[in-house]
Amino acid sequence: MEVLSAPLRVQFDYTRSVGPIIGAFLTGLRDRRILGVRGSDGRVLVPAQEYDPITSAPLAELVQVEPTGTVQSWTWVAEPLPGQPFDRPFAWALVQLDGADTAMLHALDVTDPSQVRTGLRVRVRWAEERTGTIHDIACFEPGEGAAAPAETSADTAEPVTMLTTPVDMHYKHTASPQESAYLRGLAEGKLIGGRSEAGGRVYFPPRGANPTDGTPTDDLVELPDKGTVTTFCIVNVPFLGQRIKPPYVAAYVLLDGADIPFLHLVLGCEASEVRMGMRVEAVWKPRAEWGHALANIDHFRPSGEPDAPYESYQHHL
């Protein structure tokens, strides 16, 4: 049986609070200043970090360093990837800034590997628009001399307290034979599980091997689209990209005949009515919208059957 493969893309924004030390470092970049922090051994660490790498103690003494430095090591990028600083060949370099005792990684704007070497003197090229991220340093470039003088916008601008980093990952996924059978089944409206031997545990979705003994789960089993809620959570907090207005329920559903529950939505009733042992059934999307994905099932809803006794799912939580 031919296995399935497809390009996949994971894309989301990761947002975090930055704290006083990293916040000061990012605020400094926005204002064309580079700040390090002094460690317990007296070294100046750049970029600034919150905790001492030797003692793990919190660090607090900020030190401004120069926007010029020396290449410590480098690697050549002949074929840049999407999202990298340049769409033409360039170098990644570890640069030790003057006044710092550690090196920081950033792009070096050179067009030929013969233009870069260990010991090369470089300086910061600042981005025209700065927002308080590492991208405020557009790149390093060969040369001496100070970068453009700091602007005075720090007098009115608020310190940087939050950082949003876009994550965008492209990769190709090749399914195992068992997963391929499962995905083909979904495209036909079937739920296919797998087990390694007659009478053994049925895994849904099927795995390439039984995790307890490593034997292949080649015994494919078609399962009904009804099951039991084992555990669940009520989602009350909104987040970016949310398709359903809170509150709603994400629950682990144990299909009849399966031994492993899987996560899906439970809708069709008030979130407060969902409970362990509730019997549910799949609500499929229109046939024209089906693909090779579990998203063919839009959600599960209460089936109206009596709740399953706890003993029937207590070993599948």
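For His299, are the conditions met, namely being closer than 29 Å to Gln178 by Cβ and touching a helix residue (DSSP H, G or I) at 6+ places or on another chain (Cβ under 9 Å)? If you could, list the steps in order and put the result at the bottom.
On the way: closer than 29 Å to Gln178 by Cβ: yes; touching a helix residue (DSSP H, G or I) at 6+ places or on another chain (Cβ under 9 Å): no.
No; evaluated as a whole, the condition is false for this residue.
Residues in segment 243-259 that are in contact with a strand residue (DSSP E or B) (Cβ under 8 Å, 6 or more places away or on another chain) and open to solvent by 40 Å² or more (accessible area, probe 1.4 Å): Ile244, Pro247, Tyr252, Asp256, Gly257. Of all residues in segment 46-62, those satisfying the criterion of being closer than 18 Å to Gly99 by Cβ and crowded, with 16+ Cβ neighbours inside 10 Å are Val46, Pro47, Ala48, Gln49, Leu59, Leu62. Those strands (runs of 3 or more DSSP E) of segment 166-235 in which at least 1 residues are over 28 Å from Val266 (Cβ atoms) and of a type in the set (Asp, Glu), considering only elements entirely within it, cover 219-223.
Of the residues Val65, Val46, which is touching a residue at least 40 places away in the same chain (Cβ under 8 Å), touching a Gly at 6+ places or on another chain (Cβ under 7 Å) and not basic (Lys, Arg)?
Only one candidate qualifies: Val46.
Pairing each residue of segment 21-40 that is closer than 10 Å to Val63 by Cα with any residue that is in a helix (DSSP H, G or I), provided the two are 6+ apart or on different chains, yields C-beta distances under 7 Å for Ile34/Gly28; Leu35/Ala24; Leu35/Phe25; Leu35/Gly28; Val37/Ile21.
Looking at Leu254, Leu265, Leu220, Leu183, can you tell me which residue is free of Cβ contacts under 8 Å to residues at least 40 places away in the same chain and aliphatic (A, V, I, L, M)?
Details: Leu254 fails: free of Cβ contacts under 8 Å to residues at least 40 places away in the same chain; Leu220 fails: free of Cβ contacts under 8 Å to residues at least 40 places away in the same chain; Leu183 fails: free of Cβ contacts under 8 Å to residues at least 40 places away in the same chain.
None of the others qualify; the one that does is Leu265.
Scanning segment 1-60 for residues that are closer than 30 Å to Leu220 by Cβ, part of a strand (DSSP E or B) and not aliphatic (A, V, I, L, M) yields Ser5, Pro7, Arg9.
Looking at Leu223, Leu186, Leu163, Leu240, which is the one that is under 31 Å from the mean Cα position of the chain (by Cα), open to solvent by less than 60 Å² (accessible area, probe 1.4 Å), under 30 Å from Phe300 (Cα atoms) and of a type in the set (A, V, I, L, M, F, W, C)? Before the answer, list the steps.
Details: Leu223 fails: under 31 Å from the mean Cα position of the chain (by Cα); Leu163 fails: under 30 Å from Phe300 (Cα atoms); Leu240 fails: open to solvent by less than 60 Å² (accessible area, probe 1.4 Å).
Step by step, each of Leu223, Leu186, Leu163, Leu240 is checked, and only Leu186 is under 31 Å from the mean Cα position of the chain (by Cα), open to solvent by less than 60 Å² (accessible area, probe 1.4 Å), under 30 Å from Phe300 (Cα atoms) and of a type in the set (A, V, I, L, M, F, W, C).
Can you tell me which residue among Pro302, Pro309 is of a type outside the set (Val, Ile, Thr), under 11 Å from Thr228 (Cα atoms) and exposed (fewer than 13 other Cβ atoms within 10 Å of the Cβ)? Break it down stepwise before answering.
On the way: Pro302 fails: exposed (fewer than 13 other Cβ atoms within 10 Å of the Cβ).
None of the others qualify; the one that does is Pro309.
Taking the numbered list (1) modelled with pLDDT of 90 or more; (2) of a type outside the set (Asp, Glu); (3) open to solvent by less than 50 Å² (accessible area, probe 1.4 Å) in turn, Ala209 passes all entries but (1).
The values are calculated or read from the model by the stated rules, or taken from the named source; none is laboratory data. Source: prediction; values computed, not measured. Virtual Cβ from ideal backbone geometry, glycine too; neighbours counted across all protein chains shown. SASA here: full protein model, heavy atoms, side chains in, ligands and nucleic acids out. Shrake-Rupley method; radii C 1.70, N 1.55, O 1.52, S 1.80 Å.
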